[in-house]
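Below: one structure, written as structure tokens.
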Amino acid sequence: MPDVKDTTTRFVDAFNAHDEKALQALHADDIKFNAPGGFKATNAKDATAYAMTWLKAFPDGKMKVRSEITSGPWVVQEIVMEGTHTAPLDSPTGAIPPTHKKVVGYGVQILRVEDGKIAEARIYFDQLDQLSQLGLLPMPATV
């Protein structure tokens with residue numbers, strides 16, 4: 001049976017390879033998944049579709065784990081996501097046309113691994129910062 005760290009490493013590798021089949025295989029059939037914008041998934045297909053929405057909009061998108069804490073079945077990862085927005089991005093308010101802007105976003109994902117699969121996932125990131133980087137909101141004033 002794969003250990004927790006092996007599973008989360010394989011997830012990041014599959015994400016960076018844009019490997020939809022591998023991502024789906026790593027999501028538990030009855031995953032509990034929450035993300036900003038009120039997104040919720042309760043199955044592997046929908047959780048994988050969420051990741052693929054990002055990867056399709058940012059075809060050069062990559063995730064890097066900056067720091068990580070593991071405790072039992074739980075893994076907390078501080079991540080940085082980078083990519084160039086070159087295809088439509090589905091959002092809760094509709095599709096965002098390509099802006100061709102590079103985005104660097106920081107976030108946290110909390111994952112619970114069970115039997116070598118991600119059984120629970122919660123993702124947190126700053127949506128306003130992302131929209132600002134895409135040029136969809138004014139950039140905040142600097143001091």
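Over the range 6-82, what is the relative contact order in percent, taking alpha-carbon pairs closer than 8 angstrom and at least six residues apart?
Values: 90 pairs, mean separation 17.6, N = 77.
Once divided by the residue count of the range 6-82, the mean separation gives 23 percent.
The residues packed around residue 103, meaning those with a beta-carbon under 14 Å from its beta-carbon, carry a net charge of 0 if Lys and Arg are +1 and Asp and Glu are -1.
The sum of -39500 (n - 2.57) across all DSSP H runs of n ≥ 4, divided by the residue count of the chain, sets its helix-only mean residue ellipticity at 222 nm to -8500 deg cm²/dmol.
By how many nm would the segment from residue 143 to residue 126 grow when fully extended, if each residue of separation counts as 0.36 nm and the alpha-carbon distance is taken off? Spell out each step's value before the answer.
On the way: separation 17, 0.36 × 17 = 6.12 nm, distance 1.98 nm.
Going from the current span to full extension adds 4.1 nm.
Rounded to whole numbers, the Karplus 3J(HN,Hα) couplings from phi for the range 59-67 are x, 9, x, 9, 10, 10, 8, 8, 7 Hz, using 6.51 cos²θ - 1.76 cosθ + 1.60 with θ = phi - 60°, and x at Gly and Pro.
A straight chain from residue 22 to residue 39 at 0.36 nm per residue would run longer than the Cα-Cα distance by 4.0 nm. Counting Lys and Arg as +1 and Asp and Glu as -1 over every other residue whose Cβ lies under 15 Å from the Cβ of residue 80, the net charge comes to -2.
Per residue, how much accessible area does the chain have with a 1.4 Å probe, in Å²?
On the way: 8010 Å² over 143 residues.
It amounts to 56 Å² per residue over the chain.
Note on residue 62 and residue 46: their simple-model spin labels are 3.3 nm apart, each label 7 Å out from Cα toward Cβ. Evaluating 6.51 cos²θ - 1.76 cosθ + 1.60 at θ = phi - 60° for every residue in the range 22-39, the Karplus couplings come out as 5, 4, 4, 5, 8, 8, 5, 4, 10, 3, 10, 10, 10, 9, x, x, x, 6 Hz, glycine and proline recorded as x. Taken along its principal axes, the alpha carbon cloud of the range 1-57 reaches lengths of 32, 24, 17 Å, longest axis first.
Computed over the Cα atoms of the chain, what is the ratio Rg over Rh, Rh following Kirkwood?
On the way: Rg = 15.1 Å, Rh = 15.6 Å.
Result: Rg/Rh = 0.97.
In order along the range 41-57, the phi-based Karplus estimate (6.51 cos²θ - 1.76 cosθ + 1.60, θ = phi - 60°) of 3J(HN,Hα) comes to 10, 10, 8, 5, 4, 6, 5, 5, 4, 4, 4, 5, 4, 5, 5, 6, 6 Hz; Gly and Pro are listed as x.
Quick one: how many lysine pairs does the range 1-121 have with C-alpha atoms less than 16 Å apart and a gap of 8 or more or different chains? Give me the count, please. Lysine pairs satisfying the spacing and distance rule in the range 1-121 number 15.
Evaluated at 37 °C with a viscosity of 0.692 mPa s, what Stokes-Einstein diffusion coefficient in µm²/s does the range 39-88 have when Rh comes from the Kirkwood expression over alpha-carbon pairs?
Working: Rh = 12.6 Å.
For these conditions, the coefficient is 261 µm²/s.
Net length available on complete extension from residue 74 to residue 53 is 5.1 nm, with 0.36 nm assigned per residue and the Cα-Cα distance removed. Surface composition of the chain: carbon plus sulfur atoms contribute 58% of the solvent-accessible area (1.4 Å probe, protein chains only, all chains present).
The values are calculated or read from the model by the stated rules, or taken from the named source; none is laboratory data. Keep in mind it's a predicted model, so treat the numbers as computed, not measured. Cβ: placed from backbone, ideal geometry, glycine included. Neighbour counts: every protein chain shown. To get the accessible areas, we keep the full protein, side chains included, count just its heavy atoms, and leave off ligands, DNA and RNA. Shrake-Rupley method; radii C 1.70, N 1.55, O 1.52, S 1.80 Å.
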